[in-house]
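Colleague: There's a structure below that I have some questions on.
The values are calculated or read from the model by the stated rules, or taken from the named source; none is laboratory data. Here the structure is a predicted model, which is why all the values come from computation and not from measurement. Here the Cβ positions follow ideal geometry from the backbone for every residue, glycine too, while neighbour counts run over all protein chains shown.
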């Protein structure tokens with residue numbers, strides 16, 4: 001028992017020590033903010049004010065929920081992607097609707113290949129992304145929103161990329177094509193494509209600030225900016241990656257889009273952490289790019305300031321509420337499969353059929 005108590009005390013002291021180191025680093029960066037310059041930063045200020053927009057736009061939010069299970073020979077994933085579409089006038093919500101209009105039981109996606117253990121989670125994630133991004137494209141074409149918000153990053157993550165000899169590599173390529181089609185559709189329809197990351201673990205901003213490895217080790221960008229930004233402030237905007245060629249995922253995109261992706265951090269409430277905001281730029285020059293950044297920031301701020309302890313775009317919260325899937329839904333699918341197969345098929349994994 002004493003060993004357990006000592007471990008708890010050690011954890012508490014470690015957390016306190018990290019907090020103090022972060023505060024010192026933030027204090028150091030506060031001085032840097034007064035005289036900040038970087039070739040990678042779009043703006044010359046480390047911290048910039050954000051004016052909350054008066055909303056007169058049609059704004060779509062896309063999210064998805066998924067659950068899955070494994071049998072001995074197949075993988076089954078249920079995905080439900082939903083779009084919430086809000087129409088605003090003078091920042092008042094005039095109308096709200098959804099696509100698809102009726103929420104039905106999601107169609108099972110079945111992968112009949114024998115996946116390696118490391119591919120199972122990636123397969124689920126890619127199936128979800130493909131549904132979500134395809135729906136976003138459909139919504140932009142059908143409803144012509146001024147903004148389309150995605151839940152999560154504006155590109156697949158490194159963890160979503162399978163190894164070169166993986167049997168789900170073709171699925172990954174389909175996801176990349178779906179993202180590029182979404183970018184193209186957004187540009188053709190003059191729709192600003194924005195992605196919000198709730199709990200970002202990025203370190204890109206720290207790279208631009210040229211922090212040392214010891215300083216990087218104690219925090220992510222969002223934790224560091226939690227000490228620097230106040231409500232109604234954002235960081236400078238920066239390209240998604242220093243080099244698209246060297247980025248493991250952006251390198252798979254065409255050059256046309258790989259260099260059009262930007263990000264910044266926005267604080268919409270003093271009671272919540274800063275939000276990472278990513279967007280696709282349609283700007284032809286630096287002046288228009290700065291105008292885009294300010295517009296994206298002001299609209300995101302207006303959408304995310306509804307709750308002081310949970311600052312996130314309301315349109316994405318609404319989409320999330322309708323997209324969520326429960327374990328009972330995949331259980332219903334499995335019960336029907338089991339009934340039709342009957343007991344002579346030993347299809348369930350050993351760990352899922354223990355008699356004790």
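Colleague: Can you list the helices (runs of 4 or more DSSP H) lying wholly within the stretch 158-243 that have 2 or more residues being in the same structural domain as residue 291 (by TED's automatic domain parsing) and under 19 Å from the mean Cα position of the chain (by Cα)?
Modeller: In the stretch 158-243, the matching helices (runs of 4 or more DSSP H) lie at 169-188, 204-208, 221-228.
Colleague: Here's something else I'd like to know. Is there a residue being modelled with pLDDT under 95, surrounded by fewer than 16 Cβ atoms within 10 Å (Cβ to Cβ) and either not assigned by TED's automatic domain parsing to the domain that holds residue 231 or not in a helix (DSSP H, G or I) (or both) anywhere in the stretch 286-299?
Modeller: no
Conditions tested, residue by residue: (1) within 19 Å of residue 186 (Cβ to Cβ); (2) touching a residue at least 40 places away in the same chain (Cβ under 8 Å); (3) surrounded by 20 or more Cβ atoms within 10 Å (Cβ to Cβ); (4) out of contact with any helix residue (DSSP H, G or I) (no Cβ under 7 Å at 6 or more places or on another chain).
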{"position": "227", "(1), (2), (3), (4)": "no, yes, no, no"}
{"position": "235", "(1), (2), (3), (4)": "no, yes, yes, no"}
{"position": "239", "(1), (2), (3), (4)": "yes, yes, yes, yes"}
{"position": "245", "(1), (2), (3), (4)": "no, no, no, no"}
{"position": "248", "(1), (2), (3), (4)": "no, yes, no, no"}
{"position": "251", "(1), (2), (3), (4)": "no, no, no, yes"}
{"position": "261", "(1), (2), (3), (4)": "yes, yes, yes, yes"}
{"position": "266", "(1), (2), (3), (4)": "no, yes, yes, no"}
{"position": "277", "(1), (2), (3), (4)": "yes, yes, yes, no"}
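Colleague: Condition first: touching a strand residue (DSSP E or B) at 6+ places or on another chain (Cβ under 8 Å) and either assigned to a helix (DSSP H, G or I) or over 30 Å from residue 86 (Cα atoms) (or both). Now tell me which residues in the stretch 318-336 satisfy that.
Modeller: Within the stretch 318-336, the first condition is being touching a strand residue (DSSP E or B) at 6+ places or on another chain (Cβ under 8 Å), and the residues that meet it are 318-320, 322-327, 329-330, 333-334.
Listed by number, the residues that qualify are 318, 319, 320, 322, 323, 327, 329, 330, 333, 334.
Colleague: Separate question: Here are some conditions: (1) more than 19 Å from the chain's Cα centre (by Cα); (2) in contact (Cβ under 8 Å) with a residue 12 or more places away in the chain. Residue 285 meets all but one. Which one does it not meet?
Modeller: Only one criterion is unmet by residue 285, namely (2).
Colleague: Taking the stated definitions as given, is residue 304 farther than 19 Å from residue 155 by Cβ, crowded, with 17+ Cβ neighbours inside 10 Å and modelled with pLDDT of 95 or more?
Modeller: On the way: farther than 19 Å from residue 155 by Cβ: yes; crowded, with 17+ Cβ neighbours inside 10 Å: yes; modelled with pLDDT of 95 or more: yes.
Spelling it out, residue 304 is indeed farther than 19 Å from residue 155 by Cβ, crowded, with 17+ Cβ neighbours inside 10 Å and modelled with pLDDT of 95 or more.
Colleague: When you scan the stretch 83-90, do you find a residue that is surrounded by 12 or more Cβ atoms within 10 Å (Cβ to Cβ), assigned to a strand (DSSP E or B), at pLDDT below 90 and touching a helix residue (DSSP H, G or I) at 6+ places or on another chain (Cβ under 6 Å), even just one? Quick ask: steps written out before the conclusion?
Modeller: Here is the first cut: in the stretch 83-90, the residues surrounded by 12 or more Cβ atoms within 10 Å (Cβ to Cβ) are 83-89.
Filter again for assigned to a strand (DSSP E or B), leaving 83-89.
Checking which are at pLDDT below 90 leaves us with none.
No: zero hits.
Colleague: Given (1) closer than 19 Å to residue 191 by Cβ; (2) out of contact with any helix residue (DSSP H, G or I) (no Cβ under 7 Å at 6 or more places or on another chain), identify the lone condition not met by residue 136.
Modeller: In the conditions (1) closer than 19 Å to residue 191 by Cβ; (2) out of contact with any helix residue (DSSP H, G or I) (no Cβ under 7 Å at 6 or more places or on another chain), residue 136 misses (2) alone.
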